[in-house]
1. Residues of the stretch 123-134 being in contact with a helix residue (DSSP H, G or I) (Cβ under 6 Å, 6 or more places away or on another chain) and either modelled with pLDDT of 95 or more or closer than 20 Å to GLN64 by Cβ (or both), which ones?
2. Of the conditions (1) surrounded by 17 or more Cβ atoms within 10 Å (Cβ to Cβ); (2) closer than 21 Å to ALA176 by Cβ; (3) free of Cβ contacts under 8 Å to residues at least 40 places away in the same chain, GLN141 fails just one. Which one is it?
3. Among the helices (runs of 4 or more DSSP H) lying completely within the stretch 109-160, list those that include at least 2 residues that are out of contact with any His (no Cβ under 7 Å at 6 or more places or on another chain) and more than 20 Å from LYS174 (Cα to Cα).
4. Any residue at all in the stretch 121-134 that is under 25 Å from ASP181 (Cα atoms), within 18 Å of the chain's Cα centre (by Cα) and among the aliphatic types (A, V, I, L, M)?
5. Going through the stretch 177-194 one residue at a time, which ones are modelled with pLDDT of 75 or more and over 11 Å from LYS70 (Cα atoms)?
6. Which is open to solvent by less than 30 Å² (accessible area, probe 1.4 Å), part of a helix (DSSP H, G or I) and in contact with a Phe, Trp or Tyr (Cβ under 6 Å, 6 or more places away or on another chain), of ALA62, ALA103, ALA92, ALA78?
7. Determine the pairs where a residue that is farther than 17 Å from GLU159 by Cα, located within the stretch 104-122, has a partner that is outside any helix (DSSP H, G or I) and open to solvent by less than 30 Å² (accessible area, probe 1.4 Å) with Cβ atoms under 6 Å apart, the partner being 6 or more residues away or on another chain.
Amino acid sequence: MNDAGAVRVRIIGDDSNLKSTLSDSSAQLAKYGAAAALAAAAVTTALVKSGLSSADALAKQAAQLQTTSKDLAIMQRAADMAGISQGNLGVAARQLTTRLSQAAGGTGPAVEGLKKLNLTANELSAMPLADRIAAVTKSLQENVPASERAAVASQLFGERAGLAMATLNSDTIKTAAFQVDRFGAALSEIDASKIESANDTMSQMSLAYDGVTRQLAAEFAPILDAVGK
C-alpha cells in the first residue's frame, strides 16, 4: 500500500487516570454483581419458603376434605372466580361429603335434594371433589327452578354455604381446571407428599434450634445472675 501523502498522528500522554477509572469501574461492576447475586438468592429463598408453606397447607386441607391437592386447587380457583370465600368453600365441601354419606344410608337433608337433582349419593361420592361439585351445580341449573336453587343447594352444602354455592356453575369449574393446569398450580400427590415431608423436617429443625437455645439459656442464667449481682 502506498503511504505517500498520508498523515499519521501519534498521541502520547499520561493514561494513569484512565487506568484508575477503568479499575474503579471493574470494582463497581463486581460489587453490583455480588449484590445482585445476593438479592437473587434472597428472592429465591423467599419464593421457596412461600411455596413450601402454601403447598403444605393445600395438601393438609385436601387430606381433611378427602380429596387431592389438584382437585382442591381447582375448586379454590373456581371459588375465587365466582366470588365465593375460601371459608364457605371449605364448609360446603365438608358438608357435602357428610350429607352424601348420610344420604347413602337413606337419611339426612340431602335425600330430598338429590331427588330433585336426579343424582344419587353413591355416584357423587365416587367422583373427585371438583367433578362432584360440578355435577351438583350443573344439575341445579338444569333441573331446579331459579327460585328453589338456594334451598336445594343448602340441603347438600349446608345452610351457611348453600346460598353461595348456588351461584357457582360447571363452566366456571372447567375454566378453573384449565387455568390450574396451564399455570402449573396443581401438584401431584407425590410432589405434595415431598413438600409435606420437607416442611415437617424444617419444623423439627426449628424445634431442635429452640431446644438448644433454651438449654444454653438455662446453663448461662446462673452465671449471668451472679455477674449481675
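1. Looking only at the stretch 123-134, we keep the residues that are in contact with a helix residue (DSSP H, G or I) (Cβ under 6 Å, 6 or more places away or on another chain), and these are 124-125, 128-130, 132, 134.
Those that are in contact with a helix residue (DSSP H, G or I) (Cβ under 6 Å, 6 or more places away or on another chain) and either modelled with pLDDT of 95 or more or closer than 20 Å to GLN64 by Cβ (or both): LEU124, SER125, PRO128, LEU129, ALA130, ARG132.
2. (1)
3. Details: elements: 110-117, 121-125, 129-143, 149-157.
In the stretch 109-160, 110-117, 121-125, 149-157 are the helices (runs of 4 or more DSSP H) which contain 2 or more residues that are out of contact with any His (no Cβ under 7 Å at 6 or more places or on another chain) and more than 20 Å from LYS174 (Cα to Cα).
4. Within the stretch 121-134, the first condition is being under 25 Å from ASP181 (Cα atoms), and the residues that meet it are 124-134.
Narrowing further to those that are within 18 Å of the chain's Cα centre (by Cα): 129-130.
If we keep only those that are among the aliphatic types (A, V, I, L, M) as well, we get 129-130.
Within the stretch 121-134, one or more residues are under 25 Å from ASP181 (Cα atoms), within 18 Å of the chain's Cα centre (by Cα) and among the aliphatic types (A, V, I, L, M).
5. Filtering the stretch 177-194 for residues modelled with pLDDT of 75 or more gives 177-184.
Answer for the stretch 177-194, where residues must be modelled with pLDDT of 75 or more and over 11 Å from LYS70 (Cα atoms): PHE178, GLN179, ARG182, PHE183.
6. On the way: ALA62 fails: in contact with a Phe, Trp or Tyr (Cβ under 6 Å, 6 or more places away or on another chain); ALA103 fails: in contact with a Phe, Trp or Tyr (Cβ under 6 Å, 6 or more places away or on another chain); ALA78 fails: in contact with a Phe, Trp or Tyr (Cβ under 6 Å, 6 or more places away or on another chain).
Within the list ALA62, ALA103, ALA92, ALA78, the selection yields ALA92.
7. Going by the 6 Å Cβ cut-off, the qualifying pairs are LYS116/VAL144.
The values are calculated or read from the model by the stated rules, or taken from the named source; none is laboratory data. Source: prediction; values computed, not measured. When we count neighbours, we look across all protein chains shown, and the Cβ atoms used for this are built from the backbone with ideal geometry, even at glycine. Surface areas here come from the heavy atoms of the whole protein model, side chains and all, with no ligands, DNA or RNA. Shrake-Rupley method; radii C 1.70, N 1.55, O 1.52, S 1.80 Å.
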